[in-house]
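Here is the structure we will look at.
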Amino acid sequence: MDSADNTLQFHLDEFRGGRSVAAEKVPALFDALIGSDNEDLLADVLNGWNDKGTTEDELFELASLMRSRMKRIDSRHETFVDVVGTGGSESKTFNVSTAAAFVIAGSGLPVAKHGNRAATSSSGSADALDELGIGLEMGQADAKRHLDDIGICFMFAPRYHSLSHHLAKARRSIGKPTIFNNLGPLCNPASAPHQVIGVWSEVLVEKTANVLARLGTKRSWIVYGENGLDEIALTGKTQVAEINDGRVTKFSISASDFGVDWVGGEVPSNCSARESAALIEEMLDNRRVGDAAETIVLINAAAAIYVSGHADGLPEAFAIAETSIRTGNALEKLNRLRAEGTK
């Protein structure tokens, strides 16, 4: 057994004993996770970590390390946002946050979207964007130019974080979310000052918010829909932890807080990447007006518009998001970004 696997075996035994990772051991564990080709052992470690439960300090230390090592982009914009779900939710909707990104950008608020291919769902943001013709392999200079000039960019996680395909395969083999689902949204390469992050479990709401506060976000929301959504839910309550200049406040919201009283139909779920891409394009082209799919996108876009200070309240933010689609501005953002991928 090589040194990476020895380190992994040590921590697997620690997790099985209910013990957490000490801060000084985080770099060695991270290096072992990205350096080992033993996919069975990697899966065992991730499962053992899940069974023990991830602590706030573990999340913070790993996120801090990943941020220190990631490739970065700088933007001329002072105010911009990322909207992202961790994946792994019980209710596997279409790519809501991906659609919301274009709506937000169409409202005039720049979006630095960070994401990956699916590890625990039918379609990750990268899968849907690939189907939409958005180039995934463009580098930092392109992403910066897109963010600065178009007002939206997509940062494909493997281009910015040095992980490994063995770790990715181990994650997929587990079939459920791991600590890396939670870490990805905490490590935006553009250091977005505002975020709306959906998590797959209610127990992660306050924990993730505390970590994001320690990492220095300006104003952001961590959300969990009571129906098992890593988005703001269209029905029922959504738990929110707001981080505002280091302080965390918890509350709940519902669609009525956005001025939405009734919606017909069901939110599409278990969509393939191709189905999600088609749905997003139909929506941005005003072919899903008033249905459940459009409305859930609008409330999630509205949350990002609100936390970024571009609206004084949620109903106003919802109206701004709706105008972005109705005017064709959201679709224009998609078409401009897609055109960049063909150059």
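The values are calculated or read from the model by the stated rules, or taken from the named source; none is laboratory data. Please read all numbers here as calculations on a predicted model, not as lab measurements. Using ideal geometry, Cβ is built from the backbone for each residue, glycine included, and neighbour counts are taken over all protein chains shown.
Overview of results
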quantity: Qualifying residue in the stretch 228-242 (condition: among the acidic types (Asp, Glu) and over 16 Å from LEU314 (Cβ atoms)); calculated: yes
quantity: Some residue of the stretch 319-342 being under 18 Å from the mean Cα position of the chain (by Cα), among the small types (Gly, Ala, Ser) and at pLDDT 95 or above; calculated: no
quantity: Count - residues of the stretch 17-46 that are touching a Leu at 6+ places or on another chain (Cβ under 9 Å) and not aromatic (Phe, Trp, Tyr); calculated: 15
quantity: Failed condition for SER162, given (1) of a type in the set (Ser, Thr, Tyr); (2) on the phi < 0 side of the Ramachandran plot; (3) at pLDDT 95 or above; (4) assigned to a loop (DSSP other than H, G, I, E, B); calculated: (3)
quantity: Candidates ALA311, ALA304 - the one that is at pLDDT 95 or above and part of a helix (DSSP H, G or I); calculated: ALA304
quantity: Qualifying residue in the stretch 150-173 (condition: in contact with a Phe, Trp or Tyr (Cβ under 9 Å, 6 or more places away or on another chain), closer than 26 Å to ALA32 by Cα and of a type outside the set (A, V, I, L, M)); calculated: yes
quantity: Residue match in the stretch 201-216 (condition: part of a loop (DSSP other than H, G, I, E, B) and under 20 Å from PHE80 (Cβ atoms)); calculated: yes
quantity: Entirely in the stretch 1-108, the helices (runs of 4 or more DSSP H) that have 3 or more residues that are touching a Cys at 6+ places or on another chain (Cβ under 8 Å) and either modelled with pLDDT of 95 or more or in the same structural domain as ARG214 (by TED's automatic domain parsing) (or both); calculated: 56-69
quantity: Top-ranked residue of the stretch 219-232 - restricted to ones that are crowded, with 18+ Cβ neighbours inside 10 Å and without any contact (Cβ under 8 Å) to a residue 60 or more places away in the chain, ranked as nearest to LEU186 (Cα to Cα); calculated: ILE222
quantity: Considering residues of the stretch 242-262 that are β-branched (Val, Ile, Thr) and in a strand (DSSP E or B) only, the residue nearest to GLU322 (Cα to Cα); calculated: ILE253
quantity: Number of the exception - SER125 against (1) within 19 Å of MET66 (Cα to Cα); (2) touching a residue at least 12 places away in the same chain (Cβ under 8 Å); calculated: (1)
quantity: Qualifying residues in the stretch 1-34 (those that are among the aromatic types (Phe, Trp, Tyr) and crowded, with 16+ Cβ neighbours inside 10 Å) - the one farthest from SER68 (Cα to Cα); calculated: PHE15
quantity: Qualifying positions in the stretch 126-152 - surrounded by fewer than 17 Cβ atoms within 10 Å (Cβ to Cβ) and aliphatic (A, V, I, L, M); calculated: ALA141
